[in-house]
Every structure is written in C-alpha cells, then in structure tokens.
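Remarks on the structure that follows.
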Amino acid sequence: MENNTKVRGILKIKTVLPPLGSNILPRPRIQQRLNKNLISSYGFTRQLTMVSAPAGFGKSTLVREWLVGRESQATWLSLDDGENDYERFWIYLISALQGVDSSLGNGVLEILYSRGSLPDSSAGGEVFLTPLLNELFELSNPIFLVLDDYHLVDNSMIHQDMIFFIESLPPLFHLVITTRSDPPWPLSRWRARDKMAEVRLEELRFLEEETAELLSKYKGIHLSEPQLNALCQKTEGWITGLQLAAFSLSTSHSADDFINSFTGSHRHVFHFLSEEVFSRQPDSIQSFLLQTSILHRLSGPLCDAVTGRKDSSEILASLENANVFIIPLDEHGTWYRYHPLFADLLLYKLKGKDPQLTSELRDRAARWFMESGKPEEAVRLVLANNNLEKAGQIFHDHYEDILQREGPVLLYRSLDLIPSRLLQKYPRLVAHLALYTLIKKGTEEARTCIEKAEKLSYEKKEEQDEYTG
C-alpha cells in the first residue's frame, strides 16, 4: 500500500504522451529514415534513437509526430532538473513505463522507494536494473519510451547506469532521447555497431519549401522568392526563429522592411535565445561567447588570440557537443561559426556592455589574421571598426592576395567606403576605383576617378613604374 501511495505522488503530466498539437508541419523525409529497417521479425533492429540539436529545432515535435499511430505502444517522460536525483529519475522512468503496462516494475519501485541513499558504487544500479530488464524481456508487444530533454540530466551515476540499461535492452524495447547536448555515452561504439539512429541539426532545419509551406499554409503569409530566400538565410532553417518571424510578419506593414531588420536583437528572438541558450551557460562561457562574437568564423588559436585564453579549442568542441548554436565548418573540428541570429544576439550584448572592448577585440583578431597571412579577413574587421585608413593600407599592401582569394567584390565595396582624402595616399586603389566605376556606372561617372588617378604618383621610382605600367 505504501508503494501505491507514493506512485500516486508522481506528477502525472510528466509521464504521459503530450498532445500532437495543431499546425504541425509533417517531416516525412525524416520519418521515413527513422522507420527504415527499424523492426524485424525479432523486434527492433536498434534500441536507441537520439534527436540532438539546439533549442527550438522541433526535436520533441518530431518525435511526437513519429509516434502517431503507435500511441498505445508509447510512453513519455518529460525530464527536468529534479531528475538529477538518482532515485527520483528511475522512479519516474518506471512510472512512465507503467503507462503502457501497469504491472511493469512494481517490485523495482519497492526497492527504489526503500533506498535511503545512492547505490553502492561497486554495484551501481544493476541491483534493481537487472530485475527491471528481465521484466522487459518478457514483453509480448513493442514499447517506445521517450526521455524528453535528457540534457537536463547531469548526474554521472545516472549516465553510467543508462549505458548499462541501453546496452541490455530487450528486442521489443526502443528508447528515444531528445537532447540539446550529447550525453556522455559510448555513442561512437553504438554508431559503429549500427545500434542507434541519430537526427541532428542538419536534418531538422526547415528547407526553403518547408518554410514556404509553414508560412502560407498555417500562418497565411505569402512571401516572394527573394523575401523567402532572405528569411531562410537569416534563420538557417531554425524552426523557432521562423515561427517568431512569422508572428511578427503577420502584423508587419512591410515584409521587406521586417526581413531586412530581422536579427538576433529582435525582441522575440532576443528573449528566447537569452533565456534558453545564453543565460544557461556558466559565466566563463558567457564571457567567451561575447568576446568571440566579433568573429565571422572561429578557431582555437584565433579565439585564444582574441580572448587571451589558452583553452579555446576545448571550449569550441564543448560548445559543439552541447549544441550551443555553433556550426562546424570542417570535419576536423578546426573552424566553426555561430548561427547568424545567435551571433547577432551576442554582438548586440557585447556592444551594449562595452563598446570599447568590441573595438579592441576586433583589432586583436585583425592582427592575428594579418600574422596568419589572411589580409582579407583582417580588412573586414578594421572596416567594422570604421578604421578606414587602416583598411586602405591593407588593401594597398595586399591587394593582389585579396583579389586572388576574394575576387573584386570585397575590394570594390570597400573602396566605396574609403573617403577621397584617404585614397589620395594610395594611387593604386584610386585606379581600381576608376575601373570599378567604369564597369558599374559607365564612362562619364568614371571620368573623375580616371583623371584623379592620372595625377597621382608614388615617390619611389619602382612603385611608380609598377603603377604606370
């Protein structure tokens, strides 16, 4: 009787399948991959499905949609910080299982309710997990168990016993995990053995056609192709970002004006990313994120130079593992970038906190790029600092390297920003501006630049010979 009383103390809403909700856009391409070769005549061919991505990418919605038609076989546990208590975690997990079979785990619950402390370190959870797993082996019908928001669990003993649990699961049991960060499990080993399926950010991103359907079918918003393309570039398929944009678009007088101004400092995006992502990081990581927000791409050595740290490579790897809106740019974990809206948010926070530091950080990064032989990256940073004279100097000294790597676009756009009085110091740049004006605007508009270029000269004969040649 005591056991039943305590079971009734479980918060039921945490252990029931959530409603599907309305206006859910089907994701058949992902559903089909998850279903492919999932079940054989012996049961599940793999015991684990993990959906891992940053906040707001529709992980829980995807899983709930996947379970449509399987509701009688599925159960759900919505995790929160309280499940870091060892006994509480397993009590809730077993209570969730009883949602599909009320007889499951009653004896194990008695063991857990009677425990006064954490399990003996030498035995771990096998004392009660073994009988629970043996019960699961007697299942006659398949069961899906979803652990939603597993990233909230940071108890190492729970992680360790979950490894034992997963590796010992019977054929008719399938575990589904949604998480913002990869758990400390032997995922590589399970991948190699084809014992798990994964869905990650790349698949969860809304494609352009999915974005158009979401906006038109469920929000009544119809965008032109350029508008849709611009919105997709800014959100990169981030579902919550698209939903927040749609909310504002529905009341906006001009779609063009809204999309052009839609950044990470937009109030709805700002609050979501601040509360769900940024504020959840430790102070040292928040500082790292802010200081590196001035960078369009990030590497360990570059971030070390900007922040003065010596562990930036490890931090970048941990941010990737934790899905903190960071995108790897190669297969080696060398270069990364932040999601555009997250980068906007971080830079907005940095400028508001310390505008002078923002400028100093860009100067540090520019020096690193110059020393690394990447003047094109350095010039972007000095232009962001409005240091037009320095930009002119870099272009003048390295214009061939920049043209070879970037083509003429960066040079020509930048020349428009540099005032005539500064260009006078760099005849070569005036000649390039004349050519740019000639191509883009025609002979008449270019005449002034050409005449100016003809009057300029270098003091050193070799430079003048190169210029006039």
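The values are calculated or read from the model by the stated rules, or taken from the named source; none is laboratory data. Here the structure is a predicted model, which means the values were calculated and not measured. Because the Cβ atoms are built from the backbone with ideal geometry, glycine has one as well, and the counts that use them run over all protein chains shown. Note: accessible area is taken over every heavy atom of the protein model, side chains too, but ligands, DNA and RNA are not part of it. Shrake-Rupley method; radii C 1.70, N 1.55, O 1.52, S 1.80 Å.
Would the range 324-365 count as rounded, prolate or oblate if I go by the C-alpha gyration tensor, calling it rounded below 1.5 in a/c and otherwise prolate when a/b exceeds b/c, oblate otherwise?
Verdict is oblate for the range 324-365.
Where does the chain land at 222 nm, in deg cm²/dmol rounded to the nearest 500, when only DSSP H runs of n ≥ 4 count, each adding -39500 (n - 2.57), divided by all residues?
So the helix-based figure for the chain works out to -16000 deg cm²/dmol.
Mind checking which of Thr179, Asn141, Asn106 is farthest towards the positive end of the range 97-197's charge dipole, using Cβ charges of +1 (Lys, Arg) and -1 (Asp, Glu) about the Cα centre?
In the range 97-197, that residue is Thr179.
Positive end of the dipole of the range 1-99, charges at C-beta (+1 Lys, Arg; -1 Asp, Glu), about the Cα centre: which of Ile30, Met50, Ile10 has its Cα farthest in that direction?
The residue sitting farthest along the positive end of the dipole is Ile30.
Go through the range 372-378 residue by residue and turn each phi into a ³J(HN,Hα) via Karplus (6.51, -1.76, 1.60, θ = phi - 60°); whole Hz please, and just put x for glycine and proline.
Running phi through 6.51 cos²θ - 1.76 cosθ + 1.60 with θ = phi - 60° gives 8, x, 10, x, 5, 6, 5 Hz.
Output ³J(HN,Hα) for the range 162-171: one whole-Hz value per residue in order, computed from phi by the Karplus curve 6.51 cos²θ - 1.76 cosθ + 1.60 with θ = phi - 60°, and x for Gly and Pro.
With coefficients 6.51, -1.76 and 1.60, one gets 5, 4, 4, 4, 5, 6, 10, 5, x, x Hz.
What aspartates and glutamates does Lys351 reach when the alpha-carbon gap must be under 13 Å and sequence neighbours fewer than 8 apart in one chain are set aside?
Output for Lys351: Glu360.
Straight-line reach from Lys36: which aspartates and glutamates have Cα under 15 Å away, leaving out those fewer than 8 places along the same chain?
Those aspartates and glutamates meeting the cut-off are Asp194, Glu198.
Using only Cα atoms, tell me the angle between helix 267-276 and the longest principal axis of the chain; keep it within 0 to 90° and round to the nearest 10.
50
Sticking with the crude label model, points 7 Å out along Cα→Cβ, report the distance from Ile285 to Ser224 in nm, one decimal please.
Using points 7 Å along Cα→Cβ, the separation is 4.2 nm.
Taking the simple approach of a point 7 Å from Cα along Cα-to-Cβ for both Leu11 and Arg421, what is their distance in nm?
Calculated label separation equals 6.5 nm.
Let a ≥ b ≥ c be the square roots of the eigenvalues of the Cα gyration tensor of the range 7-72; is it rounded (a/c under 1.5), or, if not, prolate (a/b larger than b/c) or oblate?
oblate
Among the DSSP beta bridges whose two residues both lie in the chain, what percent are antiparallel, rounded to the nearest 5?
25
Roll a 1.4 Å probe over the protein chains and send me the accessible area per residue for the chain in Å².
49
Taking a ≥ b ≥ c as the square roots of the Cα gyration tensor eigenvalues, with a/c under 1.5 meaning rounded and otherwise prolate when a/b beats b/c, else oblate, which class fits the chain?
prolate
Once fully extended, how much extra length lies between Asn141 and Glu406, figured as 0.36 nm per residue of separation less the alpha-carbon to alpha-carbon distance?
89.4 nm
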